[in-house]
């Protein structure tokens, strides 16, 4: 689901993009990041976080977003940065090989995807063994998700229970986790097969 004009103005504000970039760096440090590793920024928006991670951590970053306008903004911002590329793609059909990335991260994106579990499965598919999936988004109460999925067709409604089940079903190891009444944050490590 593409964001509306108002939401883009909100998410692309310099103060917000700086906070998101700092949060991403913090999560990567918890996951044991090293220069030269590959990072998929799932829902990269205007690319500010991706470029921050290239400059601060020396990562090779691929940023993806369903919104071509956001990708265009990211490409303009990156000014041909050597270790950053940006693509407009459907998050439920990633055009990458299995096990291509050391890290896959998404920050408050899955609620924009009606079939968010499929998007998470794709993130896991392109993550290498022992790589980390970094996830932060809203976590709706089960009853809100149940009603919401019937009423609002263009939105996803992740719940803590379904996210926990996803991690368990995929044998993910929790490296870091934090929850509030409406938010879910996790760094999961993918086990070697």
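For the reader, a short list of remarks on this structure follows.
- Any chance residue 72 is assigned to a helix (DSSP H, G or I), surrounded by 13 or more Cβ atoms within 10 Å (Cβ to Cβ) and either modelled with pLDDT of 95 or more or under 16 Å from the mean Cα position of the chain (by Cα) (or both): no
- Among all positions in segment 123-146, there is at least one residue which is part of a helix (DSSP H, G or I) and touching a residue at least 60 places away in the same chain (Cβ under 8 Å).
Matching residues to (1) over 16 Å from the mean Cα position of the chain (by Cα); (2) exposed (fewer than 13 other Cβ atoms within 10 Å of the Cβ):
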site	(1), (2)
20	no, no
27	no, no
46	no, no
50	no, no
63	no, no
81	yes, no
89	no, no
98	yes, yes
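- Residue selection: residue 78 fails the criterion of being in contact with a strand residue (DSSP E or B) (Cβ under 6 Å, 6 or more places away or on another chain) and within 15 Å of residue 42 (Cα to Cα).
- Residue match in segment 163-176 (condition: under 23 Å from residue 65 (Cα atoms) and over 17 Å from the mean Cα position of the chain (by Cα)): no
- Close contacts from segment 85-98, counting a first residue that is closer than 13 Å to residue 45 by Cα and a second that is surrounded by fewer than 16 Cβ atoms within 10 Å (Cβ to Cβ), with Cβ to Cβ under 8 Å and a gap of 6+ residues or different chains, come to 87/95; 88/68; 89/95.
- Conditions (1) touching a helix residue (DSSP H, G or I) at 6+ places or on another chain (Cβ under 9 Å); (2) at pLDDT 95 or above: number failed by residue 38: (1)
- Reported count of residues in segment 75-98, each being part of a helix (DSSP H, G or I) and at pLDDT 95 or above, is 0.
The values are calculated or read from the model by the stated rules, or taken from the named source; none is laboratory data. If you're wondering where the values come from, they're calculated on a predicted model, not measured in any experiment. When we count neighbours, we look across all protein chains shown, and the Cβ atoms used for this are built from the backbone with ideal geometry, even at glycine.
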